[in-house]
1. Note down the magnitude of the dipole of the chain about its Cα centre, charges +1 on Lys and Arg C-beta and -1 on Asp and Glu C-beta and zero elsewhere, to the nearest 20 debye.
2. Accessible area per residue of the chain at 1.4 Å probe, in Å²?
3. Per Stokes-Einstein, at 20 °C and 1.002 mPa s, what whole-number D in µm² s⁻¹ belongs to the range 1-152, with the Kirkwood radius over Cα pairs as the hydrodynamic radius?
4. So for SER206, SER8, SER179, what's the accessible-area order with a 1.4 Å probe, most first?
5. Whenever you get a sec, compute what percent of the accessible area on the chain sits on carbon and sulfur atoms (1.4 Å probe).
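The values are calculated or read from the model by the stated rules, or taken from the named source; none is laboratory data. Everything quoted here is computed from the prediction, not taken from an experiment. Note: ideal-geometry Cβ built from the backbone for every residue, glycine included; neighbour counts use all protein chains shown. With ligands, DNA and RNA removed, areas are computed over all heavy atoms of the protein, side chains included. Shrake-Rupley method; radii C 1.70, N 1.55, O 1.52, S 1.80 Å.
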Amino acid sequence: MNPEDSVSNRLEAFIDESKRLVASAPAEVLGYIALLAGVATWVDLQLWDYGGELLVGVIGLVAGYYLMTNMLIKSGLVTDGMRGSFGAYFGVGIVVGIGTTIGLLLLIIPGLLLIVRWMPAYGYVLADGESVSDALGKSWDVTGDHFWPIAIIAGALVTIALSPVAVAAFAFADYETFSVPVMVGINVLTYLSAALSTAVGLAVYSLLAYPDREVSDVFE
C-alpha cells in the first residue's frame, strides 16, 4: 500500500480487505459473537462480579484465537500452517491490553496511539511466527505512514462498542434494571465490534506486512 495515496483510498482498501476476511469465515464470526454475547448476558443476569468477568475473559481469549486463526487460514493469508502459537497470541494480548489500558487511563491519547500502531501485531505473531517484541516492533514500523486511515477505522469500532452502553446508561438509572433484550443488544454489539476489530487488525497486517502482494495472490 502506497503511503502517498489519499487517506480515503487507503481507508477504502482497509475496509475492503476487512470485508474479505469476514466473508472468508462467516460461521466463525457469527459463532464468536453468539457465544460471547450469550455467556456475557448469562453472567450479567447472575450479577457476578470478578468471577463472571474472568469466565468471559477466558472464553473470549480462546474464542478470539479460534476466530483469528480461521480468518488467517480461510482467507489464504496462511497457506502452510500457522507459525505462531497460542502462547504467543496470549503474550501479545497481555502486552497490548496492559499498554493500551494504561495509556487510556493516563491521557487517553497514548492509549489510542498504541491501539492504532499495534493493530497488526497478531498477524505478525500468528502468521509469521514473530516473537511478541518483534511483532509489536514491526507493527509500530509499518503503521507509521498509515496512522490516520487506521485511526478512523479504530474510532468507528470504539463507537460501535460504546454506543449501546451510553444509550443504556442514559435510559436506565441502575444497571440491574436492564431488561434482557437490552443486555443482549449491548453484548452483541460489544462482541460484533470485537470480531470486526479482529478482521481490521488482520487486514492492516495483510496490506502493510506484504505491500507488494495483491489480494488475489493469497489464493495462488
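1. Details: 8 positive and 21 negative charges, 45 e Å.
The calculated dipole for the chain is roughly 220 debye.
2. Details: 11220 Å² over 220 residues.
Per-residue accessible area for the chain comes out at 51 Å².
3. This corresponds to a translational diffusion coefficient of 127 µm²/s.
4. From most exposed to least exposed: SER8, SER179, SER206.
5. 67
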